[in-house]
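Only the coordinates and a few stated rules stand behind these numbers; no lab work does. No experiment lies behind these values; they were computed from the predicted model shown. Quick reminder, even Gly has a Cβ in these numbers, built from the backbone with ideal geometry, and neighbours come from all protein chains shown.
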Amino acid sequence: MNILWLSTRSPYPLISGHSLRTYHTLRNASERHGIFLVTFVQLPLELEEENLGQVEGLCRCVDPFRIPLDRSRILLGASLARNLFSGLPFVAEKYDVGAMRRRIRNIIRKERIDLVHVDLLHLSVYLDEFPEMPKVITNHNVESLRVYRWSQAERNPLKMLYLREQWRRLRIFERNALNRFDACIVVSKTDRDTLETMGVQSKMFIVPNGTDTEHFRPGGGKTDPDRVLWLGHMDVHTNRDAVLYYWREIFPILRRRHPAARMEFIGTSPPREIVEAAKTDSRLRAPGFVEDIRPYLEKASVVVVPIRIGSGTRVKILDAMALGKAIVSTSVGCEGLDVKDGRDICIADDPEGFAHKTAMLLRDEDLRSALERNARRSALRYDWRLVAEEQERAYQYAVQQHDSPAAAGNG
């Protein structure tokens, strides 16, 4: 089968949960099908020859496009203001780019495309380019729920009102768009139930996020008994909120409970206040982006996931579980994963509780070891190869819907 794959960002380099999922699911699909990738790029390094080469090796062709609004703060601000007078959510306008639209038309006209894979709700703005073709959408999150939670955490009253209006529009847009797909891929039962409650009637397939259980295999390296690790891209608003919440509200309590605690923040764009503190405190490190996260995970005794905003599931948790790490997370952080508090992971939703469970794991080696064993065992159920089989079922269902006599009669 030939698949036209539309993505909001290049799958490589692997610098976020979004890129990790897109890369692994695209790579597995490419072993069975021909992939025509049309993608936006959000960072200059996505256009570097080495990184594009990683993607081009998986696809029949790759067409990358910049997002015009990302090139100018003035243009972005003007577009946000204009959107106040539109009925559409902002993301539906941001990703509707003429050059992208023309390339989609050109591929459909010249190639025999059997299926369209849309890799995020935002790109459903292009649905009118392939109305009669089999099509599948991957919902990395429930986008309207993510924006609603963002509005709840926002302290700026004007920004909160703007986000609430975006949530209202996005909820309608999300329901209407998803009902035009033959199959919707969701990452968890929680997300499926949420979308059904919103009125989504398209067939839904649960295709969870995954991890590479061979790449993230416990190596028996030496662990620092006092080291705590944050892992994640910190210029994404969901992660930035989480890391600042941890730094300002949780970490001071942890320091009082366990003064020897050493904290490491791994990922792009750490907040300035953390970078400045690390310059004078030897117990803090914020090295930014690293090529290989495994050595940092190996050394950590506890991995923290203090996410308050978002939807979907966190790839970073699955990678840490695969390496057999003890994790403390909020309920939102581990939402949608088949994990149990105190068995595979520790869960806490307030600063005192989060700091208490982190300190407890740092002090209690037996409890930490039990959590590590169970985490690795649970991660094996989320290997990317198993995930690939579920995605293939969604593809076949979408194509069969169009090939069946009933579908032909309804056309």
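Give the separation of the Cα centroids, the range 231-273 to the range 7-65, in Å.
30
Sequence gap at least 6, Cα distance under 8 Å: using those rules, report the relative contact order of the range 227-382 to the nearest whole percent.
Computed over the range 227-382, the figure is 25 percent.
Of I206, I107, I309, which has the largest mean-square fluctuation in a 10 Å C-alpha GNM of the chain?
Largest GNM mean-square fluctuation: I107.
How would you classify the range 227-382 from its alpha-carbon gyration tensor, with a ≥ b ≥ c the square roots of the eigenvalues: rounded for a/c under 1.5, else prolate if a/b is greater than b/c, otherwise oblate?
Cα axes put the range 227-382 in the rounded bin.
Report the local net charge at L170: Lys and Arg +1, Asp and Glu -1, summed over other residues whose C-beta lies under 14 Å from its C-beta.
Once positives and negatives cancel, what remains is +4.
What net charge do the residues around H258 carry, taking every other residue with its C-beta under 9 Å from that of H258, with Lys and Arg at +1 and Asp and Glu at -1?
Charge balance in the 9 Å sphere: +3.
If you scale each eigenvalue of the Cα gyration tensor by 5 and take the root, what three semi-axes come out for the chain, rounded to whole angstrom and sorted largest first?
Working from the Cα gyration tensor, I get semi-axes of 37, 24, 20 Å.
I'd like to know which of V186, I107, Y395 lies farthest towards the positive end of the charge dipole of the chain, counting +1 on Cβ of Lys and Arg and -1 on Cβ of Asp and Glu.
V186
Long-range amide H contacts for Q42: which residues qualify at under 5 Å (H placed 1.01 Å from N, peptide plane, sequence gap of 5 or more or a different chain)?
Those lying under 5 Å, H to H, from Q42 are S10.
Under a Cβ-only charge scheme (Lys and Arg +1, Asp and Glu -1), can you give me the dipole magnitude of the chain about the Cα centre, in debye to the nearest 20?
Computed charge dipole of the chain: roughly 700 debye.
Residues with beta-carbon under 9 Å from that of L195, excluding L195: net charge, scoring Lys, Arg +1 and Asp, Glu -1?
Every neighbour counted, the sum reads -2.
Assign unit charges at the C-beta atoms only (+1 for Lys and Arg, -1 for Asp and Glu), then state the dipole size of the range 227-382 relative to its Cα centre in Debye, rounded to the nearest 20.
340
What is the distance in Å between the Cα centroid of the range 284-339 and that of the range 127-204?
The range 284-339 and the range 127-204 have Cα centres spaced 25 Å from each other.
Can you show me the helix-derived [θ] at 222 nm for the chain, built from DSSP H runs with n ≥ 4 at -39,500 (n - 2.57) apiece and divided by the number of residues, rounded to the nearest 500.
-13500 deg cm²/dmol
For G333, list long-range residues whose amide hydrogen, built 1.01 Å from N in the peptide plane, is under 5 Å from its own amide hydrogen.
Excluding prolines and chain starts, which carry no amide H, the hits are I307.
In degrees from 0 to 90, rounded to the nearest 10, what is the angle of the helix 351-363 Cα long axis to the longest principal axis of the chain?
With rounding to tens, the tilt is 60 degrees.
Only sites in a loop by DSSP and with at most 16 other Cβ atoms within 10 Å count here; which trypsin sites (Lys or Arg not before Pro) in the range 81-167 make the cut?
Those that pass, being in a loop and sparsely packed, are R112, R155.
Mind sorting L195, L386 by how few other Cβ atoms lie within 10 Å of their own Cβ, fewest first?
Ascending Cβ contact count within 10 Å gives the list L386, L195.
Quick one: 3J(HN,Hα) in Hz for the range 299-310, Karplus 6.51/-1.76/1.60 with θ = phi - 60°, rounded, Gly and Pro as x.
Values per residue, Gly and Pro as x: 6, 6, 8, 9, 10, 10, 9, x, 5, 10, 10, x Hz.
For Cα pairs less than 8 Å apart in space and 6+ apart in sequence, what is the mean separation divided by the residue count of the chain, i.e. the relative contact order in percent?
16
May I ask you to compute the full-extension gain from D281 to D63, defined as 0.36 nm times their residue separation minus their alpha-carbon distance, rounded to one decimal in nm?
The span from D281 to D63 would gain 73.9 nm if fully extended.
Identify all lysines with a Cα-Cα distance to K135 below 24 Å; exclude those on the same chain that are fewer than 8 residues away in sequence.
Qualifying lysines at Cα under 24 Å: K94, K110, K189, K203.
Going toward the positive end of the dipole of the range 227-382, with +1 on Lys and Arg Cβ and -1 on Asp and Glu Cβ, which of P259, F289, V304 do you reach last?
The residue sitting farthest along the positive end of the dipole is P259.
Tell me, what HN-Hα J-couplings in whole Hz come from the Karplus equation 6.51 cos²θ - 1.76 cosθ + 1.60 at θ = phi - 60° for each residue of the range 87-104, using x for Gly and Pro?
Values per residue, Gly and Pro as x: x, 8, x, 4, 4, 5, 8, 4, 9, 8, 10, x, 5, 5, 4, 5, 5, 4 Hz.
Starting from the range 104-138, pick out the GluC sites (Glu not before Pro) whose DSSP state is loop and whose Cβ has at most 12 other Cβ atoms within 10 Å.
Counting only loop positions with at most 12 other Cβ atoms within 10 Å, the GluC sites (Glu not before Pro) in the range 104-138 are E132.
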